[in-house]
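Worksheet: one structure, shown below.
Read-outs: derived from the displayed coordinates by stated rules, not from any lab. Note that the structure is predicted; figures quoted are calculated from it, not measured. Here the Cβ positions follow ideal geometry from the backbone for every residue, glycine too, while neighbour counts run over all protein chains shown.
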Amino acid sequence: MNHHQTPNPRHATPTGSPARGARRRNSSLTIRAATREDYPAVLALLNAAHLPHSDLTAEHLDHFLLAERDEELEGVVGLEGEGEARLLRSLAVAERAQGQGLGHQLLEAAEASAREQGADRLWLLTTTAEPFFARAGYARAERETAPKALRLLTEFTSVCPSTAACMTKLLS
């Protein structure tokens, strides 16, 4: 998945489809708020997923969620910005955990977190995950229609190419 493929409530312990293999079948998935100490592991996961992260700092993790199984990082998703509209970014699932619905769980958790923080709309940029987000109710939008505060974020100005699909979803 691309930088918006795989998905900040401060809690949440959703469980997903049974994982492959006996070891994983007996373990539970936890989605939790990231901490700044998670920064190296998050960068490693984003790097493995070939997602841009040149602008990502440890401080960004204050608004990120992590999915873990047996204390191993399996997925990440972040929110950026303030106010009624937020940028969804860095959704990635570790290769070993793909195909089990974790991306959708992370996305739902990020949407719930955004609502809890007072946001009513999410925006994202993606170069490879447009079908994933379309299935989740996101629609293509012109980049210029995103709120100015989001368009000033580095994800819009320099990290994501101008060819990236811009998508948005009104949160209910």
Using mean Cβ contacts within 10 Å as the protection proxy, how do 47-58, 116-127, 72-83 order, highest first? 72-83, 116-127, 47-58
What are the ³J(HN,Hα) values, in whole Hz, obtained from phi via the Karplus relation 6.51 cos²θ - 1.76 cosθ + 1.60 with θ = phi - 60°, for each residue of segment 27-35 in sequence order, with x given for Gly and Pro? 9, 10, 8, 10, 10, 9, 5, 6, 10
Expressed in angstrom, Rg and Dmax over the Cα atoms of segment 78-164 are 12.9, 38
Student exercise, segment 22-170 dipole from Lys, Arg, Asp, Glu Cβ charges, in Debye to nearest 20: 460
What residue among L46, T145, F132 has its Cα farthest toward the positive end of the dipole of segment 22-170, where the charges are +1 on Lys, Arg and -1 on Asp, Glu, each on the Cβ? F132
5 Å is the cut-off here: which amide hydrogens, built 1.01 Å from N in the peptide plane, fall below it relative to D70, excluding neighbours closer than 5 in sequence? S28
Just the ratio, please: alpha-carbon radius of gyration of segment 22-170 over 2.2 N^0.38 Å, N its number of residues. 1.00
